[in-house]
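J.: So that we are looking at the same thing, I have put the structure below in structure tokens.
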Amino acid sequence: MRSAQPMKKIIYLPIEIKARELDAKLLFTYYALHKGYRVIIGEQLMVEEASIILGPGIFFSKGYSERYRRRVVTKAHRANHTIVELDEEGFIFHDPSKYIKERMNEKMMPLIAQEYCWGHYQQDTIVQAYPEVVNRCYLTGNPRFDLLKKKYRSLYEAKAEVLQEQYGDFILINTRFALYNHFRGKNKTAEDTDAAAYIQKLYFAFLKMVKALSIQFPSEKIVVRPHPSEGLQSYKKELASYKNVIVRNDGCSTEWITASRVVIHNGCTTGIEAVLLETPVISYVPFEDARYDVVLPNSAGVKASSLEELIYYVEHPGKKKRTRFLNPYYQQTPYAHEAILPLLSELPVPPSPFKNVQVPKIRRKHFKHRFPSLKIEEVRAFLKSVDQIEGRESIIRIKEAATHLFDLSINGR
């Protein structure tokens, strides 16, 4: 007699930008599996398609700009999913009213069963705009920052060692200039808007800075790591004659920061990540504009307003900075999965009988830039590494349901 099919609640975890989101969502997946969930994880559109085929579950919105969010949330609601949300951009935003308008549109809020917040700043901003969501807006932190805590740093030691063997004690420069230098091409009308003009000016200031550092430190490697939405070729073209400069954006930021001897940025979340990883940080702020400066990450480490200051700090990295300044913005304890999973258990989501998911291949323009590839070996290796940290030998069933889409459950069921 055949045993009955297992019944599990399904969690759908879409990923838009692999380099930024994958590891954090795999970390959450690991603990969700051990709580008895089945997890469908992969590229954004692939997970959306799978969620229609498999039926009702918990759909994790990763936060989107207003128009994109409306499409994703409405589609998930029509498929009878219970929708929860952890906005990837909820940690740092300059203008609360703009954040609400562009990422927390009022019409979508009734469809969100639970909103998870990085810290008090985001939570207070949302609740002040929509007092009616106070009882479904929770402080949880984010698995992305959990990965920076000492417990999980061993996940990146081997990759960091490879980078150090390749480049030595290198200088890491992270950029965020997609508003001008987008991977689809340069914004030729950047000067027509103040915000884009500001980013364009920063882009050229950073190019000048990289060239100056290359000359000042000829025996050191300088790695420029553009934001995932930026174009690489523009940097490679501009810096081609500077032989100690490397332009790369593969891998996750944690391994690069861990391997580097000092991080330079302006307004990047990676500045905060470097502080949490105890790597020296320099915020290069060659000019200021209160309308567009991103104050929080620029408070990380030391601040240099000229090339002379910057060179001094590169030669004399500052002391490790305390992280108390992050308290209003980031819920540092407990781990995010410890906060989120008990909340998920309160949702009235029925378990579903197991059935296979087959999603057709989706052709998507610029697909490779944000999500170049994902192999089953990457998924398995990450989960095994977490097993080692937890002292377990989990039997996790991992099935490649389609390109860049994986179906996971525990104990082989």
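The values are calculated or read from the model by the stated rules, or taken from the named source; none is laboratory data. Keep in mind that this is a model prediction, so the values were computed, not measured. Note that we place each Cβ from the backbone using ideal geometry, even for glycine, and neighbour counts take in every protein chain shown. Remember, those area values only see protein heavy atoms, side chains included, never the ligands or the DNA or RNA. Shrake-Rupley method; radii C 1.70, N 1.55, O 1.52, S 1.80 Å.
J.: What full-extension length gain, to one decimal in nm, is calculated for Phe287 and Lys107 as 0.36 nm per residue of separation minus the Cα-Cα distance?
T.: Difference between extended and current length: 61.0 nm.
J.: Let me ask something additional. Given 25 °C and 0.890 mPa s, how large is the Stokes-Einstein diffusion coefficient of the chain in µm²/s, with Rh as the Kirkwood radius over Cα pairs? Spell out each step's value before the answer.
T.: Numbers: Rh = 22.4 Å.
Roughly 109 µm²/s, to the nearest whole number.
J.: Something else: Counting Lys and Arg as +1 and Asp and Glu as -1, what is the net charge of the other residues whose Cβ lies under 14 Å from the Cβ of Glu66?
T.: Around Glu66, the charge tally is +3.
J.: Summing Lys, Arg as +1 and Asp, Glu as -1, what charge do residues with Cβ under 11 Å from the Cβ of Val127 carry, Val127 excluded? All intermediate terms of the calculation are to be shown ahead of the outcome.
T.: Details: positive: Arg136; negative: Glu115, Asp124, Glu132.
Charge balance in the 11 Å sphere: -2.
J.: Same structure again: Can you figure out the FRET efficiency of Gln164 with Lys399, using R₀ = 35 Å and their beta-carbon distance, to the nearest 0.05?
T.: Efficiency for this residue pair is about 0.45.
J.: Give me the distance in nm between label points sitting 7 Å out from Cα along the Cα-to-Cβ direction at Arg153 and Phe217, one decimal.
T.: 2.0
J.: Tell me which lysines have Cα within less than 17 Å of Lys355's Cα, excluding those fewer than 8 residues away on the same chain?
T.: Reachable lysines: Lys8, Lys9, Lys399.
J.: Another question, if that's okay. Measure nothing fancy, just the Cα-based angle from helix 18-34's long axis to the longest principal axis of the chain, in degrees from 0 to 90, nearest 10.
T.: Relative to the chain, helix 18-34 is tipped by roughly 30 degrees.
J.: Give the calculated FRET efficiency between Ser345 and Ile17 to the nearest 0.05, with a Förster radius of 25 Å applied to their Cβ-Cβ distance.
T.: 0.30
J.: If you don't mind, there's one more thing I want to ask. Would you mind checking the tilt of helix 154-167 against the longest principal axis of the Cα atoms of the chain, expressed as 0 to 90 degrees and rounded to 10?
T.: Value to nearest ten degrees: 30.
J.: Excluding ligands, DNA and RNA, what is the solvent-accessible area per residue of the chain at a probe of 1.4 Å, expressed in Å²?
T.: Working: 18780 Å² over 413 residues.
Ligands and nucleic acids excluded, the result is 45 Å² per residue.
J.: A further question follows. Relative to the longest principal Cα axis of the chain, at what angle does helix 44-54 sit, 0 to 90 degrees, rounded to 10?
T.: The angle comes out near 0 degrees.
J.: Further question: Note down the relative contact order for the chain as a percent, whole number, built from C-alpha pairs under 8 angstrom at least six residues apart. Could you put the intermediate results ahead of the total?
T.: Working: 734 pairs, mean separation 89.7, N = 413.
About 22 percent, as a whole number.
J.: Quote the FRET efficiency, to the nearest 0.05, computed for Thr193 versus Asp124 with a Förster distance R0 of 35 Å and r equal to the Cβ-Cβ distance. All intermediate terms of the calculation are to be shown ahead of the outcome.
T.: Details: r = 29 Å, r/R0 = 0.84.
With R0 = 35 Å, the Cβ-Cβ based efficiency is 0.75.
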